[in-house]
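Inspection log for the structure reproduced underneath, given as structure tokens.
The values are calculated or read from the model by the stated rules, or taken from the named source; none is laboratory data. None of these values were measured; they are calculated from a predicted model. Counting neighbours? That spans all protein chains shown, and the Cβs are built from the backbone with ideal geometry, glycine included.
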Amino acid sequence: MININDFSKIEIRIGTVLSAEKVPDADKLIKLIFDFGELENIGEITILPELAEKYPNKHVRQIMSAIAGFYPDPLVLIGKQIPVITNLEPRTFRGYESQGMIMATDDENGIILLVPERQVKPGMKLH
């Protein structure tokens, strides 16, 4: 078990999906680009140079997720708001850096993305 102090170390923010594409030669991976609002919310992460150039003055992150089997057309994810754990150490999957982890669950019918009840400002922190 963890205590409340351990739990409070986890930072979860709402991100809006700006782009989504299947990773070539990977059956399960989708590369998602998330908007987390203005740059003042950035924390310790470094924005990837290609994203900083494409989305100036935005806190954007690349997140890799093994959900391609449930989203044959990843474009349906664009515009969705999804909670993301934003203070995980970055990891590399198939040569792509992942800067967080989406929040989802699953059942016998597949993946269920957790989404806010209504549209919110990107970067809002869950508490």
- Task: Only residues in the stretch 91-114 that are part of a strand (DSSP E or B) count as the first member; pair them with residues that are modelled with pLDDT under 95 and charged (D, E, K, R), Cβ under 7 angstrom, at least 6 apart or cross-chain, and list the lot.
- Result: I112/D106
- Hits in the stretch 115-127 (condition: outside any strand (DSSP E or B) and surrounded by fewer than 17 Cβ atoms within 10 Å (Cβ to Cβ)): V115, P116, E117, R118, Q119, V120, K121, L126, H127
- Query: Got a sec? Which strands (runs of 3 or more DSSP E) wholly within the stretch 1-86 have at least 2 residues that are closer than 19 Å to P122 by Cα and either in contact with a helix residue (DSSP H, G or I) (Cβ under 8 Å, 6 or more places away or on another chain) or at pLDDT below 95 (or both)?
  - Reply: 12-22, 30-38, 58-65
